[in-house]
1. Quick one: how many residues across the stretch B:13-43 are more than 10 Å from chain A (Cβ to nearest Cβ) and either touching a Cys at 6+ places or on another chain (Cβ under 9 Å) or at pLDDT below 95 (or both)?
2. Working only within the stretch B:38-59, note down all residues that are more than 17 Å from B:PHE9 (Cα to Cα), surrounded by fewer than 22 Cβ atoms within 10 Å (Cβ to Cβ) and either under 10 Å from the mean Cα position of the chain (by Cα) or of a type in the set (A, V, I, L, M) (or both).
3. Just checking, how many residues over the stretch A:37-69 are farther than 14 Å from A:ALA12 by Cα and either within 14 Å of chain B (Cβ to nearest Cβ) or touching a residue at least 60 places away in the same chain (Cβ under 8 Å) (or both)?
4. Condition check: over 25 Å from B:ILE92 (Cα atoms) and out of contact with any Asp or Glu (no Cβ under 8 Å at 6 or more places or on another chain). Does B:ALA33 satisfy that?
5. For a quick check of your reading: which strands (runs of 3 or more DSSP E) sit entirely within chain A and have at least 3 residues that are among the aliphatic types (A, V, I, L, M), under 24 Å from B:ALA71 (Cβ atoms) and modelled with pLDDT of 95 or more?
6. Being within 18 Å of B:ALA105 (Cα to Cα) and of a type in the set (Gly, Ala, Ser) is the filter here, so list the residues in the stretch B:22-49 that pass it.
7. Would you confirm whether or not the stretch B:65-72 contains a residue that is surrounded by 20 or more Cβ atoms within 10 Å (Cβ to Cβ), in contact with a strand residue (DSSP E or B) (Cβ under 7 Å, 6 or more places away or on another chain) and in contact (Cβ under 8 Å) with a residue 24 or more places away in the chain?
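The values are calculated or read from the model by the stated rules, or taken from the named source; none is laboratory data. Since this is a predicted model, take the numbers as computed values, not measurements. Here the Cβ is made from the backbone with ideal geometry for all residues, glycine too, and neighbour counts use every protein chain on show.
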Amino acid sequence: MTATLVDLETIAPAKVIDARGAACPGPLLEAKKGMSTVAVGAVIEILSTDPITKTDIAAWSAKVGHEFLGSLAADGYDRVFVIRRK
Amino acid sequence: MADTEKLVFMVTHGPAAPELATIPFVMAAAALASDVQVVMGFQADGVELVHAGVADTVEAPAFPPLAKLLADVRELGGLLLVCGPCVKSRGIGVEDLVAGAEIVAAARFVVEITSATNSLVY
């Protein structure tokens, strides 16, 4: 199920990963590291100035079995949300 | 057949082609982050990239520095295999390589490639 825009705005992530300024694959690697620090079922939020990160994290989530919730545009960066599912 | 996927990245370009030298490391890091086993095979000028200190000098526009990517690949468990004749012809000894790099010959590459899910040559 895809979360709505309102859902994303109200999410309180267990961890926020600031990958702003990092080039590919930096945000992905930071997400990988950050995911291991939260409990299954928890949400991580990745901040990225690379516009490709949101589609890359979506692909990665599908590959490894996490749940990509979506992304929000912020001031010059994206906020990307994923639930740890394993 | 094993459930674990494995990708082999053959790296044949060195510091003179920074983008082609960097992209296989990007792919390898992303694969490792996706729970895919990775073997990086270095041949021809590609062996220069695992000559200690050389990665510090390579950075392609819009990509992370190669030294950072090399560190990521090593930290995530990527295997670094280096062509024996290629290092010999360049006067590079095993003591000159980055930690964890292993000098091998053709048969080892054949074993890794034939047992991989897929192989890519850069």
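1. The total comes to 3.
2. B:ALA52, B:VAL54
3. Adding up the residues that qualify gives 19.
4. Values: over 25 Å from B:ILE92 (Cα atoms): yes; out of contact with any Asp or Glu (no Cβ under 8 Å at 6 or more places or on another chain): yes.
Here the answer is yes, as B:ALA33 does meet what is asked.
5. On the way: elements: A:15-18, A:43-48, A:67-73, A:78-83.
Hits in chain A: A:43-48.
6. Correct list: B:GLY41, B:ALA44, B:GLY46.
7. The initial filter retains those residues of the stretch B:65-72 that are surrounded by 20 or more Cβ atoms within 10 Å (Cβ to Cβ), namely B:66, B:69-70, B:72.
Narrowing the set further to residues that are in contact with a strand residue (DSSP E or B) (Cβ under 7 Å, 6 or more places away or on another chain) leaves none.
No: the stretch B:65-72 contains no residue that is surrounded by 20 or more Cβ atoms within 10 Å (Cβ to Cβ), in contact with a strand residue (DSSP E or B) (Cβ under 7 Å, 6 or more places away or on another chain) and in contact (Cβ under 8 Å) with a residue 24 or more places away in the chain.
Listed here are the residues, each with its yes/no results for (1) more than 15 Å from the chain's Cα centre (by Cα); (2) farther than 28 Å from A:CYS24 by Cα.
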site	(1), (2)
B:ALA71	no, no
B:ARG74	no, no
B:LEU81	no, no
B:PRO85	yes, yes
B:ILE92	yes, yes
B:ILE103	no, yes
B:VAL111	yes, yes
B:SER119	no, no
